[in-house]
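Q: Submitted below is the structure of interest, expressed as structure tokens.
The values are calculated or read from the model by the stated rules, or taken from the named source; none is laboratory data. All of these numbers come straight from a predicted model, not from anything done at the bench. A quick note on method: Cβ atoms are made from the backbone with ideal geometry, for glycine too, and the neighbour counts reach across all protein chains shown. In case anyone asks, the SASA skips ligands and DNA or RNA and just uses the protein heavy atoms, side chains included. Shrake-Rupley method; radii C 1.70, N 1.55, O 1.52, S 1.80 Å.
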Amino acid sequence: MTETRGARATEAFFGRRKGKPLRERQAAHLEHLLPLLKLDLEAPAPADLTALFPEPVERIRLEIGFGGGEHMIHRAAEDPATGFIGVEPFVNSMAKLLGQIEAKAIRNIRLYDDDATQVLDWLPAASVDQIDLLYPDPWPKRKHWKRRFVSQINLDRFARILKPGGLFCFASDIDSYINWTLIHCRDHAAFEWTAERAADWLTPFAGWPSTRYEAKARREGRSSAYLTFRRA
């Protein structure tokens, strides 16, 4: 039986939702700032996603699982003409990013703190210019591979919301997940790998800020791959 576009995964793509207790200011950000920035999935998505942002933007970029938020806050600050949608279910990571948004007065970020597939199914078709999936949970045990975010179903979701020529960017330091992603995208008619030489996937994306996940991988002797796929 083929799963429909709106079907939910049978197992979550993410693990625990909360880590150590939040500081008072972090808790305040979650209580007062997050509601101002959170997508309202109960309301219909605007046909033009630029309407989600208080100031004019020209492009829309979605980051799934932004972790500590280093990449998203860097990109949003350097590119105010792009509207960023960030999805992260881990409470501590969300609180950390909210603190950075307040401190740097960032106005081109909207957020969601639950399952990214809910956002993918809410967004209009051909509405997003780029999707970033950076150092996602690799679920390294074979019995957990079905929890990896890259799948036929989720690539269908990506293909639906990406504009023609839009990009799906993936980074990981886990060889099995890199190969997994290459195979899944190779087998999906909507995506083409843009690499022409080894340097294209061994070199970080343009303007790339190193993240704590990447630093940890390097300390542990693992190199990273940076894959870019174009929506055909």
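Q: Given the criteria surrounded by 14 or more Cβ atoms within 10 Å (Cβ to Cβ), touching a Cys at 6+ places or on another chain (Cβ under 9 Å) and outside any loop (DSSP other than H, G, I, E, B), does residue 181 qualify?
A: The answer is no for residue 181.
Q: Checking residue 170 against (1) buried (at least 18 other Cβ atoms within 10 Å of the Cβ); (2) outside any strand (DSSP E or B), which single condition isn't satisfied?
A: Against the list (1) buried (at least 18 other Cβ atoms within 10 Å of the Cβ); (2) outside any strand (DSSP E or B), residue 170 comes up short only on (2).
Q: Could I ask something else about it? Kindly check whether there is at least one residue in segment 156-166 that is open to solvent by less than 30 Å² (accessible area, probe 1.4 Å), modelled with pLDDT of 95 or more and within 24 Å of residue 68 (Cα to Cα).
A: Filtering segment 156-166 down to residues open to solvent by less than 30 Å² (accessible area, probe 1.4 Å) leaves 157-159, 161-162, 166.
When the remaining residues are screened for being modelled with pLDDT of 95 or more, the result is 157-159, 161-162, 166.
Add one more test, that the residue is within 24 Å of residue 68 (Cα to Cα), and what stays is 158.
Yes, that holds for at least one residue.
Q: Are there any pairs with C-beta distances below 6 angstrom linking a residue in segment 29-46 that is within 17 Å of residue 83 (Cα to Cα) and modelled with pLDDT of 95 or more to a residue that is in a loop (DSSP other than H, G, I, E, B) and hydrophobic (A, V, I, L, M, F, W, C), with the two at least 6 apart or on different chains, and if so which?
A: Note: pairs meeting the criteria are 45/123.
Q: Please determine, by comparing only the residues of segment 219-231 that are surrounded by 13 or more Cβ atoms within 10 Å (Cβ to Cβ) and not aromatic (Phe, Trp, Tyr), which one is farthest from residue 129 (Cα to Cα).
A: Across segment 219-231, the extreme among qualifying residues is 222.
Q: If you don't mind, there's one more thing I want to ask. Sort through 143, 216, 163 and tell me the only one that's closer than 24 Å to residue 76 by Cβ and assigned to a helix (DSSP H, G or I).
A: None of the other options fit; the residue is 216.
Q: Might you let me know whether segment 192-211 holds any residue that is in a strand (DSSP E or B) and surrounded by 12 or more Cβ atoms within 10 Å (Cβ to Cβ)?
A: Looking through segment 192-211, at least one residue is in a strand (DSSP E or B) and surrounded by 12 or more Cβ atoms within 10 Å (Cβ to Cβ).
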